[in-house]
Every structure is written in structure tokens, then in C-alpha cells.
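Written below as C-alpha cells is the structure these notes are about.
The values are calculated or read from the model by the stated rules, or taken from the named source; none is laboratory data. Quantities reported herein were computed from a predicted structural model and do not represent experimental measurements. For neighbour counting, all protein chains shown are included, and Cβ atoms are generated from backbone atoms with ideal geometry for every residue, glycine included. The protein model used for the area step is the full one, side chains on, heavy atoms only, and it has no ligands, DNA or RNA in it. Shrake-Rupley method; radii C 1.70, N 1.55, O 1.52, S 1.80 Å.
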Amino acid sequence: QLEDSGGGLVQAGASLRLSCAASERTFSSYSIGWFRQAPGKEREFVGFIGWRAINTNFADSVKDRFTISRDNDENTAYLQMNRLKPEDTAIYYCAAKDYQPSRDAGEYDYWGQGTQVTVSS
């Protein structure tokens, strides 16, 4: 089970850090992906961090502004979002899958409930 949190309303240029907390003791064997869905749009890939935390990957739209980290001792992953833009407004979801990460939402087995991020201009 995943619980994502940390969303809110911010102005353009601000930062937010989202958290994804897992109840599983096997969290360290899961890769974590972040996805987002804006109103009227399909869910899209934001970034992932591999289960070993060695590799990360990001969508082109965020790769110079967002980072992902994880603390396996705390069973938590983080999405650090900097220099936020109005087009980043969406519901953000974290997701988990065994071992190898993926940019494909369909490959993830577990999902958080989502947290709203709103960026005003």
C-alpha cells in the first residue's frame, strides 16, 4: 500500500516535495515511479527511481527541475519539484513495481491515492 502526500497550492517558481510512503517491508525491492494527470489529459510519466536507487529517469518536461530520491530505511520515496510552472498542475501519483523500473504506467502494480499540485501564475 502506498500513500502519497505533500501536494499543495504554490506560485510559479516555487518548490514542493512529494512523499510516497509504503507499508511494505519489502519496499527496497520495488522501483518507484511518479506519474501525473492534469484535468482533461491522460496520465503521464514524470520520473522513476530504481529499486537500488542507482538509476533515475525523467520526462523531458521535468528533467532539469525534478529529482527523485528514496530512503529504504523509512520506506519512503520523494519527488522534489523545483521551479514549478503552471503546466505542472496535476494530480501526482506514486506507483511501485518489482525490481526494474519503467516509464509505462501499466507495468506498475501498486498506486497511491494521488496528491494535488496546483501552480498559479
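Normalised by the number of residues in the chain, the average gap of Cα pairs under 8 Å and 6 or more apart makes the relative contact order 37 percent.
Computed from backbone phi with θ = phi - 60° and the Karplus coefficients 6.51, -1.76 and 1.60, the 3J(HN,Hα) list for region 54-67 is 7, 10, 10, 8, 9, 5, 4, 5, 10, 4, 9, 10, 10, 9 Hz; x is used for glycine and proline.
Carbon-plus-sulfur fraction of the accessible area of the chain, 1.4 Å probe, in percent?
Percent of accessible area from carbon and sulfur atoms in the chain: 42.
Karplus-derived 3J(HN,Hα) values for region 5-21, using 6.51 cos²θ - 1.76 cosθ + 1.60 with θ = phi - 60°, are 7, x, x, x, 9, 9, 8, 4, x, 7, 10, 9, 10, 8, 10, 10, 9 Hz; glycine and proline are entered as x. The residues of the chain expose, per residue, 53 Å² of accessible area to a 1.4 Å probe. As a calculated quantity, the FRET efficiency between residue 104 and residue 26 at R0 = 25 Å, using C-beta atoms, amounts to about 0.70. The shape of the chain comes out prolate: with a ≥ b ≥ c from the C-alpha gyration tensor, a/c is at least 1.5 and a/b beats b/c. If you add up the charges near residue 119, with Lys and Arg at +1 and Asp and Glu at -1, over every other residue whose beta carbon is less than 13 angstrom from its beta carbon, what do you get? The answer is +2. 3J(HN,Hα) along region 106-120, derived from phi through the Karplus expression 6.51 cos²θ - 1.76 cosθ + 1.60 where θ = phi - 60°, amounts to x, 8, 8, 9, 10, 9, x, 7, x, 9, 7, 10, 10, 10, 8 Hz, with x in place of Gly and Pro.
With a cap of 14 neighbouring Cβ atoms within 10 Å, and only residues DSSP puts in a loop, list the GluC sites (Glu not before Pro) found in region 14-64. When the GluC sites (Glu not before Pro) of region 14-64 are filtered for loop state and at most 14 Cβ neighbours within 10 Å, 24, 42 remain. Proximity of backbone amide H atoms, modeled 1.01 Å from N, is registered between residue 110 and 96 at under 5 Å, excluding neighbours fewer than 5 places apart on the same chain.
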